[in-house]
Amino acid sequence: MKIKLIDIAHGRSGDKGDAANIGIIAYDDKGYEIICKHLTEEKVKNHFEGICFGEVERYEMPNIKALNFILHNTLGGGGTVSLKHDAQGKTLAAALLRMEIEV
């Protein structure tokens with residue numbers, strides 16, 4: 001069965017220089033189990049193909065049922081030098097929440 005991440009989680013995103021930071025927070029324990037199992041660094045990197053040109057790191061935060069992803073080399077140099085429309089990565093959480101995963 002396929003589901004969209006938005007059905008089991010919400011998210012926030014922002015920037016640290018040229019790296020985008022995306023937090024995906026599950027609504028409940030079952031959702032957290034699903035994102036831990038199915039939302040891998042590789043899948044996030046593939047989802048942002050053509051946007052993320054660097055490494056993707058994943059950090060687990062079980063106390064708040066969240067995963068935090070750092071997408072390096074994603075923001076065209078960062079907010080003060082980038083010509084991208086979203087140089088701070090504020091829309092990237094919404095883009096990731098549209099991802100469908102097989103569960």
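FYI, it's all coordinate maths here, none of it is from the lab. Note that the structure is a prediction, hence the values are computed from the model and not measured.
Here are the numbers:
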| read-out | value |
| --- | --- |
| Relative contact order (%) - the chain, alpha-carbon pairs under 8 angstrom, separation at least six | 41 |
| Extension gain, Asp28 back to Glu100 (0.36 nm per residue minus Cα-Cα distance, nm) | 24.1 nm |
| Contour excess over end-to-end distance, with Cα ends at Thr91 and Lys37 and 0.36 nm allotted per residue | 17.0 nm |
| Set of aspartates and glutamates with alpha-carbon distance to Lys45 below 16 Å, sequence-local pairs under 8 removed | Asp18, Glu55, Glu57, Glu100 |
| Note, ³J(HN,Hα) from phi for the range 61-72, Karplus 6.51, -1.76, 1.60, rounded to Hz, x at Gly and Pro | 10, x, 5, 10, 6, 10, 10, 10, 10, 10, 10, 6 |
| In degrees, nearest ten, helix 29-38 long axis to first principal axis of the chain (Cα) | 60 |
